[in-house]
1. Of the trypsin sites (Lys or Arg not before Pro) in the range A:90-172, which ones lie in a loop per DSSP and count no more than 11 other C-beta atoms within 10 Å?
2. Calculate how steeply helix B:29-40 sits against the longest principal axis of the alpha-carbon atoms of chain B, using the helix alpha-carbon long axis, and give the answer as 0 to 90 degrees to the nearest 10.
3. Could you work out [θ]222 nm for chain B from helices alone, using -39500 (n - 2.57) per DSSP H run of at least four and dividing by all its residues? Round to the nearest 500 deg cm²/dmol.
4. Please list, by residue number, every one of the GluC sites (Glu not before Pro) in the range B:70-146 that is coil in DSSP and has at most 10 other beta-carbon atoms within 10 Å.
5. For chain B, modelled as a Gaussian network with Cα springs under 10 Å, which listed residue fluctuates most, B:SER82, B:SER15, B:SER96?
6. So what's the gap between the Cα centers of the range B:1-71 and the range A:105-160, to the nearest angstrom?
7. Sort A:196-209, A:179-192 by the packing proxy (mean of other Cβ within 10 Å over each peptide's residues), most packed first.
8. Can you say what percent of the DSSP beta bridges in chain A, counting only those with both residues inside, are antiparallel? Round to 5.
Amino acid sequence: MSVLDKLKLDDKVAIVTGAGRGLGRAMSIALAEAGADIVVTARTKTQIEETAGLVRQTGRKALPVSCDVTDSSSVNAMVEATVAEFGRIDILVNNAGGYTAGYNDELADISDETWRIGIDTNLTGAVFCCRAVIPHMTAAAQTGTGRGKIINVTSGFGLRAGRNNFSYTAAKAGLINFTRALSMTYPATIQANLIAPGLFPHGQKALIDWWKGGKFVPMGRLGLDEELGPICVFLASGLSDYMNGQIIVLDGGGLAGGQAPTGFAPVIPMEVA
Amino acid sequence: MHARRKDGNVLEGFSLAGKSAVVIGASNPLGRAAAIALAEAGANVGVATTTRAKKEEVVANSCANEIWALDRKGFALAIDASLESDIDALAERAASEFGEVDVLVNAHDLPYAQPIGDISFDDWRRAMDVNLGGVFLACKIIGGAMVKQGKGRIINVATVLGERGMANGTAYCAAQAGVLNMTRALALEWARTGVTVNAIGAGWTEGMGIIGGDENRQQLERYLPYKRLAKPGEIRGIAVYLASDAAEYLTGQVIWIEGGALSHA
Ligand SMILES: NC(=O)c1ccc[n+]([C@@H]2O[C@H](COP(=O)([O-])OP(=O)(O)OC[C@H]3O[C@@H](n4cnc5c(N)ncnc54)[C@H](OP(=O)(O)O)[C@@H]3O)[C@@H](O)[C@H]2O)c1
């Protein structure tokens, strides 16, 4: 098979959480363009229905299912609905997440409940989804229809910290090592990798302004949602079959440097003896 | 400022049709696998050796034959990748065959492992000159031309030994780690030129010289999560992705395809 044919996801079934908007929507559409049927899930019904419509425009099937990933019974029901409709699950993209209350607060001001919501949204939700989906992937692997592909969406903040950014950085960092543990525990039945996006404003003016249009990003621009599509397809496809427990950072060079990505660039001539 | 296709199927962005590539070190299994993968994905590919050793030339020639068999343009050149004049010659050959070079793969590999007390400073320099200096030269000369074109992809191939140490590996490990951090530095330097610079971190791969004898091999097979060495072809996919338009926003990264070797405590 030619190397490009291996990218095709024809007749695979993918669950994408947090698929109502933003990166989850872009990844849903890309997976569908590559040939997969998509279970589109998030809490807001109108948004997942809109994404489902966009998936169907590619010619693939879409099943919108409302689900709160922080509630394991809601997750289990979503997974059951998937199996009832499609009979299998090949790909799971744990993308639901984002900042929750308490972001930017002092640690002393973060209540127990606020902390838990942050960790539940950005870490525990993915754990619940993996726990519910892996038995189905294992069954598929045992019948020889291929290993399952799990793609967890972490963040640059999972690798580096931010001031007054407690639950989000802790949860996203936790998601990284949870993914590594998965990859080592079930290498015969699943692969689990991570995408760490840089700054993706989804075209929202407030975010573009807040991130100064990306002028401090080494490449000089912010990310476009559809740029996450190809890497998601790659990680879901046969092209990445030996990749396990890894992080792909897609950030225009942001994390390649340190404190001052491009600004600090001295020119110092070689000393002649 | 950036030309992104929003229309069109996501898979089209991975095609290398109409692009041309140069792969240095196509005489070792990883470089060869990358060269063939790029050709399969549509690119014309010129390949070169790491050193002028006869056995490297033989592999590079057969790699070029495989590229021609895919109906792509290509050539093989025996070079010493640590010589500026040889890289100039490679750049000229590529320019005359292809015009512009869109993709440069630096898969230089001169395997070398000795207890530090047995390493002469000359041998240290040779290991560094080829494994690290050679990557510098290719980036400077062939990558430099990409900067003038306003587009290009540089893919440096290293292994887990760029991240982890190995007894008797002072020179080899230092050179590989050097390649990885040079990748990050150059990515930043060229972040606004249209040229991306990334690395593939390969695992313990079948046929790579640094593995040594059977005893080492069996020990690795016991310890690795997949209970086997990596196959060279396992870097094919990431090589194509990084070389393609699909990876436009990705720079300064090391992508590991190492079968879990680095997840281990
Ligand atoms: N945008 C960036 O720059 C960036 C950078 C790094 C990492 N990330 C990560 O990438 C992922 C997507 O980010 P985004 O910017 O696309 O976010 P977004 O636009 O806010 O979308 C988040 C999606 O997740 C869903 N979601 C949130 N909480 C949920 C819950 N408890 N249960 C189920 N679904 C839930 C949301 O839908 P409902 O609210 O309707 O449930 C929505 O569909 C997140 O994990 C985020 O942390 C984003």
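Bear in mind that the values in this text are calculations on the coordinates, not laboratory data. Note that the structure is predicted; figures quoted are calculated from it, not measured. Using ideal geometry, Cβ is built from the backbone for each residue, glycine included, and neighbour counts are taken over all protein chains shown.
1. On the way: sites: A:ARG116, A:ARG131, A:ARG147, A:LYS149, A:ARG160, A:ARG163, A:LYS172; in loops: A:ARG147, A:ARG160, A:ARG163.
For trypsin sites (Lys or Arg not before Pro) across the range A:90-172 that sit outside H, G, I, E and B with at most 11 neighbouring Cβ atoms in 10 Å, the list reads A:ARG163.
2. The two axes meet at around 20 degrees.
3. -11500 deg cm²/dmol
4. Numbers: sites: B:GLU84, B:GLU92, B:GLU97, B:GLU100; in loops: B:GLU100.
Of the GluC sites (Glu not before Pro), not one in the loops of the range B:70-146 has a Cβ with at most 10 other Cβ atoms within 10 Å.
5. Result for chain B, Cα springs under 10 Å: B:SER96 fluctuates most.
6. So the two Cα centres are separated by 37 Å.
7. A:179-192, A:196-209
8. The answer is about 5 percent antiparallel.
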